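Below is one structure; the comments refer to it alone.
The values are calculated or read from the model by the stated rules, or taken from the named source; none is laboratory data. On a predicted model such as this, the values are computed, not experimentally measured, just so you know. We place every Cβ from the backbone using ideal geometry, glycine too, and count neighbours over all the protein chains shown.
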Amino acid sequence: MSKWLKISLVLVSFLLSHVVAAHQLSTSYIIAKMDDTGRINGQWQLSLTDLELAVGLDLNANGELTWGEVKGSQTNIASYLAEHLKLSRDNLSCNLSFGVVERLQDHANEAFAVTDFSGQCAISGPLNVKYSAIFALDSSHEVILNVGDASNSHSFVLDDTTREISLDIKAGSWQTTFTQFVYQGMIHIWIGIDHILFLLALLLPAVLHRKNNQWQAIESVKPILTHTVWIISAFTLAHSLTLTATALGWLTPSSRWVELGIAVSVLFAAINNIKPVVLKLAWLTFAFGLLHGMGFAGVLGELGLPADQQLLSILAFNLGVEIGQLAILVILLPILILLRNNKVYSKAIMRAGSLLIAFMAIQWIIERW
């Protein structure tokens, strides 16, 4: 095996391992509104997986959580939340009180416990948010915070390196909103393993062409780049259209069928590499890209769009998705170009990679059916 092939395989392995790791990113959601008197009401959504780590929900230690066990841990949950979320305004504590978990919320096929909270803050001044949950157990944890009043809404992401933020509830800041939603777009393409594997399935044969019913290397780099630009442009245009239309409420697709359709698109793209049915993929990529855009819109909806900066948030999130997608392309395509002339790539790596992607897609189809 050549030196370049060894290096390329190591880089591909590194990329895929980090994609899978990113998919396991721990996230919670806090949505809150404050009125003119300083009264704040909100909800905190924290995954049952994270709560199990934090307070031990599995009371009988059988490895399976029940609703009864969640209800039986209400006191411990409320105490943990109260300890790890502190709000203050004008340097005065908001004295939050947390209710019991009455319902669950689904995010990406994972159950989240929803806890309502309320408190009385000072009537004016900057609001300080200090968050410390889960970090000691999982340093990759982050919280998506959406807080505002009747006129303005602010979205932020707090993580292990930035656990505290101070904001003026009454002041709208398009720069902050734009930056946060670009960041979220980038993060959610990187942790959206189904979207990444769809792109990977499209890119694996981008450096090859069919001749005598076999995949063979494309000698010149120029047609590879041209073909890749067409494919990525079709995917980008399609998911940008449906992301925007769905986020604005013009389309209201069933999230279950969208997620199932995305899994089917990944399976088709992978199988098509092994047993080609469609060789000119631009139009097919466009069609599947429409589904992926609806999936991105579901994530965007979970973030909570600021009512006064809705279109800006959508455009920023979409830009973040494109930046994240371009970063993947910049890393992956040169590796594939380096690998293409080695027969091991067309006969083994491309096929094995496509087969692995297909197996993962089948698993998603079964889970999402």
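Observations, loosely collected:
- Pair list, Cβ < 8 Å and 6+ apart or interchain, from region 151-163 residues that are assigned to a loop (DSSP other than H, G, I, E, B) to residues that are of a type in the set (A, V, I, L, M) and crowded, with 17+ Cβ neighbours inside 10 Å: Asn152/Ile169
- The listed residue being over 28 Å from Phe178 (Cα atoms), outside the structural domain of Phe296 (by TED's automatic domain parsing), in contact with an Asp or Glu (Cβ under 9 Å, 6 or more places away or on another chain) and not small (Gly, Ala, Ser), out of Phe98, Phe135: Phe98
- Considered as a group, the residues in region 326-368 that are closer than 15 Å to Val266 by Cα and aromatic (Phe, Trp, Tyr) include one that is farthest from the chain's Cα centre (by Cα), and that residue is Phe359.
- Being at pLDDT 85 or above and in contact with a Leu (Cβ under 9 Å, 6 or more places away or on another chain) is a condition met by no residue of region 303-311.
- Residue check, Ala133 at pLDDT 90 or above and touching a strand residue (DSSP E or B) at 6+ places or on another chain (Cβ under 6 Å): no
- Subset tally (residues that are β-branched (Val, Ile, Thr) and touching a strand residue (DSSP E or B) at 6+ places or on another chain (Cβ under 8 Å)) for region 38-71: 3
- Close contacts from region 279-290, counting a first residue that is free of Cβ contacts under 8 Å to residues at least 60 places away in the same chain and a second that is outside any helix (DSSP H, G or I) and among the β-branched types (Val, Ile, Thr), with Cβ to Cβ under 9 Å and a gap of 6+ residues or different chains, come to Leu284/Val278.
- Test for Gly261: is it at pLDDT below 85, in the same structural domain as Ile362 (by TED's automatic domain parsing) and not acidic (Asp, Glu): no
- Condition broken by Leu137, with the remaining ones in (1) surrounded by 14 or more Cβ atoms within 10 Å (Cβ to Cβ); (2) more than 19 Å from the chain's Cα centre (by Cα); (3) touching a residue at least 60 places away in the same chain (Cβ under 8 Å) satisfied: (1)
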